[in-house]
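Just so it is clear, none of the values below were taken in a lab; they were calculated from the coordinates. Not measured: the values here are computed from a predicted model. Because the Cβ atoms are built from the backbone with ideal geometry, glycine has one as well, and the counts that use them run over all protein chains shown.
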Amino acid sequence: MERVWTEEQERVISHRGGNLLVAAAAGSGKTAVLVEHVISLLTEGEKPASLSELLIMTFTESAAAEMKERIRLSLEERLRKDPENGRLIREAGNLQNANISTIDSFCRRLILENYASIDLDPSFRVGEEGELRLLRSDLVTELLEEHYESCDPGYLRFLENFTRGKDDAGIEELILKVYEYSEATPWPEDYLRDAEGKDLSLSEDYLLQSLKSRMEDLLSELEEALSIAVEEDGPGEYLPMLEEDVRALKKLSGISELPLFLSELSEISFLRLKATKSPKKEAAAGLRNGVKKEIQKLQGRLFLPGGAEREAMQEGLSESIHVLLSLTAEFRERFASEKKRRKILDFSDLEHRALEILYIEDEEGRRPSPAADEYARQFREILIDEYQDSNFVQEELVKALSAERFGRPDVFQVGDVKQSIYSFRLARPDLFLGKYRDSQYPKVELSKNFRSREEVLRSVNQLFFRLMRAEVGGVDYMEEASLRAGRSDFPPAGERDLRTELLLVESGAAGEEEEDGEGGALGKSEAEARLIAGRIRSLREEGYRYRDIVILLRSPGSWADELTELLGNAGIPAYSISGTGFFRAVEVEIILAFLAVIDNPRQSIPLASLMHSPIYGFSDEELARIAAAGGIERSFPGEEELYKSAGESLPGEKGGTGEEDSAEEEREAEERRVGTDSGSAEGERKSEERRGEEGIEGAEEEGKRILPEELSRKLRLFRESLDHYRELSRVLSIHELLYRIYEESGYYHYVSAMPGGRKRRANLDQLIDSALSFEASSYGGLFDYIRYIERLRKEDADQGEAAIYSEQDDLVRILSVHRSKGLQFPVVILSGLNKRFNKRNLSGKVLIDPDLGIGADYIDPEKRIRYPSLQRMAIREKQENEQLGEELRVLYVAMTRAEQRLIMTASVTDMEKSVKKAEEAAGRGRLSAGRIRSASSMLDWILMAGGDSLLRSGSSGAIRLNSFARGELIESGKELLRRSVRLSSELTEALSSLDPEDAELQRFIRRFDFRYPHEDATKLFPKYSVSEIGESGEKPAEAVLPAPLERSDFPSDTLREAGVLPSENGGGEKENEKTPGARRGDAYHRALSRYDYLAGGGSGQLRALLTEEEYALIDPESFQHFLDSELGREFREAAEKGMLFREQRFMKQVPFSYLFPESGITEPVLLQGVIDAFFLSEKGITLVDYKTDRTKSEEILRRRYERQLSLYADALCGITGYSVRRKLIYSFSLGRAIELP
């Protein structure tokens, strides 16, 4: 059925030529309208457009992909109706290369097309975010160190003003913050230059006007209190005090100078209200108390020193801000230089380098370049989605690409300023508002909502009509902005009350907990989770699936994980989608600790974490014994102390490096001898001092070791394992090292067997991905990788735990409001509404604003008094307004995600106090800006805006309030537990009454007893190498995937079986000899694969073919002996004929039983290998395998490698079609060739 468009939608679809601003409210079908508009441009009119003439920029990659997909489907639908239409065929073919992308992707394409004009290496790449963070940190640290060395007095005064505590960590953060703000402007150099000379009158005017606006709001509150006081049964006794308050505020409204205004403000005081018995006294007193609280808050925050103090403050701040801006400019220059050297760009570079292409600057100023003119003539329309989230850099880009300067305006902007929630990305919604408020700018309002039920829309309109004002956040929610229902296909409500719900649970004061009926305590989080769980159960009874339900949180953090666990405990499957938690995952922390210890074993905390982990399994008591035996006072010793505590030297040491060490060893030996003499008190005392702790059980007994024998052995194995991984870290990449740790320690399988094993395993896989991303960066090595991870942690750049579920899984999803933007869900539960607004950023020493500049506190160097500057006070005022406005918009976005049901929940400390906020706002129209600012959480706003309609029993208001005491939830939990016990008993009773011979029962038993007949095949590795195949084809332990490991397997047995640790019967020495042997074999193979038989020269070629290290491993005489042998002669002859082949890799599919006949498993697997050498002759193939094993027995070599050469021979026969007539092993140890049957 063909879609019917509204009148407003038709205006948007049919728009041709000229600029247009589309204010598309939530759920208004924006994407469908945009696609239809594009299709109409391509197919309608006298001169239809081509996709190559359109530039469509979206906010996210997923939005761009969705736009392309919808256009493709629409074109295909039209092609089905008109398959011969050449224009449609051409545009369908052009779609893949159409300019439909994010603005960053478009800028990248623009740069690649014009890189020569900006002197950019075309092989550049976009730097990985962690890499860029690390690089920025390194450069700032280097910059600050250089300035420390200069000892410049201005720099030192700057540090004194802006450092936090005893370190300069805040300075690095501050420089990067200024840099970030500068990069959000089109011309960063101009910003850094102009920020220093910002006109103070801008801040003064803004602060004065904002404060006067506040006073007007407070005055209206007092006048309402006056109107209550003069009512017939009002508190008339309050009139004199209220009238005095009104006079004081009215006096402020007539002041036009900020210093005088602040002076008068500081003088305002509030007289005590007289006693009264009026029933309306609380309403009037509540209004006055709100005004009083706001005035007192302003008095405590706003202060402006006068005269000489103000001038000194401004002079001192100017100097410090000059230093700050100079440091930022210097950092910016170094950062740009380093990025150029490494051939990387960041995302802000993409936009700024694009601006370099699109603008030129000369004596006439800055103007669009010829390239910009060319693009402007190419594009017939520039379509910008999510325009409310643009910034001035993007605005300048669009201005350069637009043909408006040629008299052809062509910018089509779509957005909804009520959904601008990305201020942390420095979005500028005022760009949208400026055009929206311009009566001359063409615009269309799409306010019909095709997403939500009427009940949801009523609650949204009621709340935001009262809450959203231009004075707080710049948005006015008036009649034209309200949402109107446009969808009518919802199932009828019937007897169900589908109004929006507000569920409150009283959790009591902080630290106050009650037993939950299951032996645990019911705290604040648990109470709200129990409330949510109960509501989800009732939704399930109504027919909703778990996947229909989403829980939205303003700031998920750890609350999301906790909520997931609490819902799981209540029997409700749920998972959280958040951008945090990855680095907090236990399995990730353990592996990161492992890497940290491999890099530097002298780190106590990571070392203790690793030893205590399931990988090595040291208990608390064992760690304490090791710490005590080390004889130090730290909570846990470093590696050196561990080695000494076991009475051994560090790896590579021979018991000391000089006379002092030898003397110390002699003294310790003497103490040990004396200490074992039961009759020597002095010996006992010295022995006790050496142990470092009193009362270590077993250590005081005569003749006992410092550590128990088993613990000492365990410690030795740990050290050997650590040495093994430290050696591997020198030759393996990080992701390869991680793979080795996972496989050899068994930890990957261990976490798979834990609760939530699938997610834990995915987290470990994600750590591998993180390592691969790092390895693709300009940094390298384990040390830098650890710094990279630490930088991500420090800057809260957590990437979020691995996602293992899809939208098709039947689970409740928990996600942030920001992640939900652009999505919709049948049921939305908006939770955690009592969480207080985060205003920490307003208390910083330095505040930055694009318009007002940089504001900072000033410290008087003599009096050591801190003063807030005028600019800082103005910027704080402005940012507080903007922050509250954004919080309102976040609430709007959250509520408008719901299609059918909207449920809001919160946990409150005092129910009566919370409900009072609704009472105070009862019966009133729009809330004043002052009252809106007084809120400390979203719940406050909802209660204020809901007013008395929330409180009246049987009210038909848009929001239905239900409140619960903790006791009700606890009793509900107990009832669920009793019900579970009853069901369990009934099930047990029913099962016991069944006839064991019942046919139906037997059928069920057969189904539950079923075992997959090919279960062994599911444990196979998909690929095997020839070198893995054991003697005579016997199956090695690792031929199949290992089963999950029990905790008792850790640490030593598992590590030995995996080859991480040597065996106890001297295996350590054999393991140490193995590495040089393996290296020797590699060196011989490399030499033989590179040796030029035609050039001659014998072993003299080796120095040119090998590194010094490799050459040192080869015996030139044995190599020459091979060349002089009969086999060496055959190699030369084959090489002359071009019939010698070396290092030939192959891969073939074979049945598993072909490799391991006794298994009986016929599943196909891959066999891969590398054939050392073979040569062809008329008689067939001669296959040769080089061996450097140190042995004097041909029989051992035959038995050891017969199976492998047979596999090589079969592979060669299958690949070449020739038979293998000879299979030879050349043993460099024996100096001869050995023929195998």
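Placing pseudo-labels 7 Å out from each Cα toward the beta carbon at SER201 and GLU363 gives an inter-label distance of 3.2 nm.
Backbone amide hydrogens, once placed in the peptide plane, bring VAL444 within less than 5 Å of LEU21, VAL22, ALA23, excluding anything fewer than 5 places away on its chain.
A quarter of the convex hull surface defined by the alpha-carbon atoms of the chain gives 71.0 nm² as the mean projection. Sequentially through the stretch 56-73, phi angles give Karplus couplings (6.51, -1.76, 1.60; θ = phi - 60°) of 10, 10, 10, 7, 10, 5, 5, 5, 5, 5, 5, 4, 4, 5, 5, 5, 4, 4 Hz, Gly and Pro residues having no value and appearing as x.
At full extension, ARG80 and ALA336 could sit 86.9 nm farther apart than now, given 0.36 nm per residue minus the alpha carbon distance. Take every Cα pair under 8 Å whose residues are at least 6 apart in sequence, average their separation, divide by the length of the stretch 279-382, and the relative contact order is 9 percent. Once you sort the root eigenvalues of the Cα gyration tensor of the stretch 200-307 as a ≥ b ≥ c, which label holds: rounded (a/c under 1.5), prolate (a/b larger than b/c) or oblate (the other case)? It comes out prolate by the Cα gyration axes. To the nearest ten degrees, helix 999-1008 and the longest principal axis of the Cα atoms of the chain are 80 degrees apart.
Rounded to the nearest 20 debye, the dipole size of the chain about its Cα centre is 3760 debye, using +1 on the Cβ of Lys and Arg and -1 on the Cβ of Asp and Glu.
Lysine pair count for the stretch 200-307 with Cα-Cα distance under 21 Å and sequence separation of 8 or more or different chains is 17. Charging the Cβ of each Asp and Glu at -1 and of each Lys and Arg at +1, and nothing else, the dipole of the stretch 200-307 about its Cα centre rounds to 420 debye.
Please find the FRET efficiency linking LYS839 to GLN296, where r is the Cβ-Cβ separation and R0 is fixed at 22 Å, and quote it to the nearest 0.05. Using R0 = 22 Å, I get an efficiency of 0.80. Summarising the label geometry, the points placed 7 Å from Cα in the beta-carbon direction at SER117 and ALA1017 lie 6.2 nm from one another. What is the angle, in °, between the Cα long axis of helix 681-691 and the longest principal axis of the Cα atoms in the chain? Nearest 10 is fine, range 0 to 90. Tilt of helix 681-691: around 70 degrees.
Ignoring lysines fewer than eight residues from LYS1019 along the same chain, the ones with Cα atoms less than 29 angstrom from its Cα are LYS759, LYS1035, LYS1148.
Legend: ranking of residues CYS1213, CYS151, CYS107 from fewest to most surrounding C-beta atoms inside 10 Å; resulting order CYS151, CYS1213, CYS107. If both residues of a DSSP beta bridge must be in the chain, then about 35% of such bridges are antiparallel. Relative contact order of the stretch 200-307, taken over Cα pairs closer than 8 Å and 6 or more residues apart, is 35 percent.
Give the residue list of chymotrypsin sites (Phe, Trp or Tyr not before Pro) in the stretch 83-161 that are DSSP loop and have at most 11 other beta-carbon atoms within 10 angstrom. Loop-located and lightly packed - none at all.
Amide H contacts of ARG1232 (H built 1.01 Å from N, in plane; Pro and chain starts excluded): SER1227 sit under 5 Å, all sequence-distant by 5 or more or on other chains.
Taking 32 Å as the limit for the C-alpha separation, the pairs LYS794/LYS835; LYS339/LYS418; LYS524/LYS916; LYS435/LYS839; LYS435/LYS917; LYS343/LYS1023 exceed it in the case of LYS339/LYS418; LYS435/LYS917; LYS343/LYS1023.
Could you give the angle, 0 to 90 degrees to the nearest 10, between helix 129-150's Cα long axis and the longest principal axis of the Cα atoms of the chain? So the inclination is approximately 80 degrees.
Let me check against my output: what whole-number percent is the relative contact order of the chain, with C-alpha pairs under 8 Å and at least 6 apart? Contact order relative to length: 13 percent. Put simply, the amide H of LEU345, placed in the peptide plane, has neighbours under 5 Å in ARG125, VAL126, GLY127, leaving out anything fewer than 5 places away on its chain.
Only Lys, Arg, Asp and Glu carry charge here, each on its Cβ (+1 for the first two, -1 for the last two); on that basis the stretch 1-52 has a dipole of about 180 debye about its Cα centre.
Backbone geometry of the stretch 15-22 corresponds, through the Karplus equation with coefficients 6.51, -1.76 and 1.60 at θ = phi - 60°, to 3J(HN,Hα) couplings of 4, 9, x, x, 6, 8, 10, 9 Hz, x marking Gly and Pro. Annotation for GLU46 and GLU565: the two label points, set 7 Å from Cα along the Cα-Cβ direction, are 7.1 nm apart.
Among the GluC sites (Glu not before Pro) within the stretch 819-896, those in coil by DSSP and having at most 10 neighbouring Cβ atoms inside 10 Å are GLU862.
Three semi-axes describe the equivalent ellipsoid of the stretch 250-297; taken as square roots of 5 times the Cα gyration tensor eigenvalues and ordered largest first, they are 28, 10, 9 Å. In angstrom, the C-alpha Rg and Dmax of the stretch 531-572 are 10.8, 31. Length gained on full extension, LYS443 to SER936, computed as 0.36 nm times the residue gap minus the Cα-Cα distance: 173.9 nm.
Tell me what the chain gives for mean residue ellipticity at 222 nm when only DSSP H runs of n ≥ 4 count, each as -39,500 (n - 2.57), the sum divided by the residue total, rounded to 500 deg cm²/dmol. One gets -16500 deg cm²/dmol as the mean residue ellipticity at 222 nm.
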